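Let me begin by presenting the structure, written as structure tokens, before commenting on it.
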Amino acid sequence: MASIDINEVCKIYDQGGAKAVDTVDIQIEDGEFIVLVGPSGCGKSTLLRMVAGLEEISQGTISIGDRVVNEVEPADRDIAMVFQNYALYPHMTVYDNLAYGLKNRGTPKTEIAARVAEAAKMLEIEKYLDRKPRALSGGQRQRVAMGRAIVRKPAVFLFDEPLSNLDAKLRVTMRGEIRKLQKRLKTTAIYVTHDQLEAMTLADRLVVLNGGRIEQIGTPLEVYNRP
Ligand code: ADP
Ligand code: ADP
């Protein structure tokens, strides 16, 4: 569990170029589900990647708990990210996909088995543990991708448009599942989407970005039902 402090953060990709993220300031509470929403190119992904430590921060600071992200080694960052394209290892079984990150961190085998079993049960993918990703449907693959994040029991979940490759019906189902999981695990989450309905359903608070700047920030009611 962790709070996140995004403090006056800017991102400039090209020297002298426009700010992809422009002086963004967000204080996220422990256990809060924040959705970053806004049109393509508004800086959602860049901001998320900076929180993940995958992108250099041009100005400002981002802290998770009491640690400044860019001062922490990638392997020690207590975050897990779920991507749009699943990023599963194609040659590994579902079990090994789930276990991989834990093995890398030297988690004992019995604990790995227990955590994989728990995550698989939560996501209802127990039956597929011996399969390779190519033998799964899109929805099942996305569950595996989420399982990989869950087994790590991270302080923070980061989601980058995780449902955009799924069909409309499955998106609605998975949206509900993600919300349920987050409530149950009480993990702080930042979720990027360009889908307003998804944003409204999932968010405790929404951050509407436009041209790299915060246009609005508030609960779904405050942001979308303003008279
Ligand atoms: P979003 O996720 O909201 O679609 P991005 O964060 O991907 O927006 O992009 C924000 C801005 O930064 C856009 O103008 C985009 O073209 C630019 N940008 C993103 N990634 C790079 C990069 N690697 N190099 C240069 N410019 C980039
Ligand atoms: P984890 O989040 O489980 O610790 P890693 O940090 O080891 O994952 O890997 C990060 C990303 O690198 C993965 O999501 C994957 O896209 C890619 N990757 C690393 N190793 C492999 C591999 N052997 N096969 C395919 N993709 C890989």
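The values are calculated or read from the model by the stated rules, or taken from the named source; none is laboratory data. Keep in mind that this is a model prediction, so the values were computed, not measured. Quick reminder, even Gly has a Cβ in these numbers, built from the backbone with ideal geometry, and neighbours come from all protein chains shown. What goes into the accessible areas is simple: the full protein's heavy atoms, side chains included, and nothing from ligands, DNA or RNA. Shrake-Rupley method; radii C 1.70, N 1.55, O 1.52, S 1.80 Å.
Tell me which residues, restricted to the range 109-162, are without any contact (Cβ under 8 Å) to a residue 40 or more places away in the chain, surrounded by 20 or more Cβ atoms within 10 Å (Cβ to Cβ) and assigned to a loop (DSSP other than H, G, I, E, B).
125
Do we have residue 209 as within 16 Å of ligand 2 (Cβ to nearest atom), in contact with a strand residue (DSSP E or B) (Cβ under 7 Å, 6 or more places away or on another chain) and not in a loop (DSSP other than H, G, I, E, B) here?
no
Select from the range 1-12 the residues that are assigned to a strand (DSSP E or B) and open to solvent by 30 Å² or more (accessible area, probe 1.4 Å) and write down the one among them that is farthest from residue 184 (Cα to Cα).
Among residues in the range 1-12 that are assigned to a strand (DSSP E or B) and open to solvent by 30 Å² or more (accessible area, probe 1.4 Å), the one farthest from residue 184 (Cα to Cα) is 12.
Identify all residues within the range 25-49 that are more than 13 Å from residue 4 (Cα to Cα) and either away from ligand 2 (no atom under 16 Å from the Cβ) or open to solvent by less than 60 Å² (accessible area, probe 1.4 Å) (or both); write none if there are none.
Matches in the range 25-49: 35, 36, 37, 38, 39, 40, 41, 42, 43, 44, 45, 46.
Quick check on residue 15: is it open to solvent by 50 Å² or more (accessible area, probe 1.4 Å) and farther than 19 Å from residue 187 by Cα?
yes
Looking at the range 50-96, which of the residues that are touching an Asp or Glu at 6+ places or on another chain (Cβ under 6 Å) and away from ligand 2 (no atom under 15 Å from the Cβ) is nearest to residue 7 (Cα to Cα)?
Applying the filter and picking the extreme gives 60.
Enumerate the pairs (first residue in the range 73-87 and over 10 Å from residue 53 (Cα atoms); second residue anywhere and of a type outside the set (Phe, Trp, Tyr) and loosely packed, with under 10 Cβ neighbours inside 10 Å) with beta-carbon separation below 9 Å, excluding pairs fewer than 6 apart on the same chain, so at least 6 apart or on different chains.
Close Cβ pairs satisfying both conditions: 75/104.
Is it the case, given these coordinates, that residue 70 is surrounded by 10 or more Cβ atoms within 10 Å (Cβ to Cβ), at pLDDT below 85 and part of a helix (DSSP H, G or I)?
Yes: the conditions hold for residue 70.
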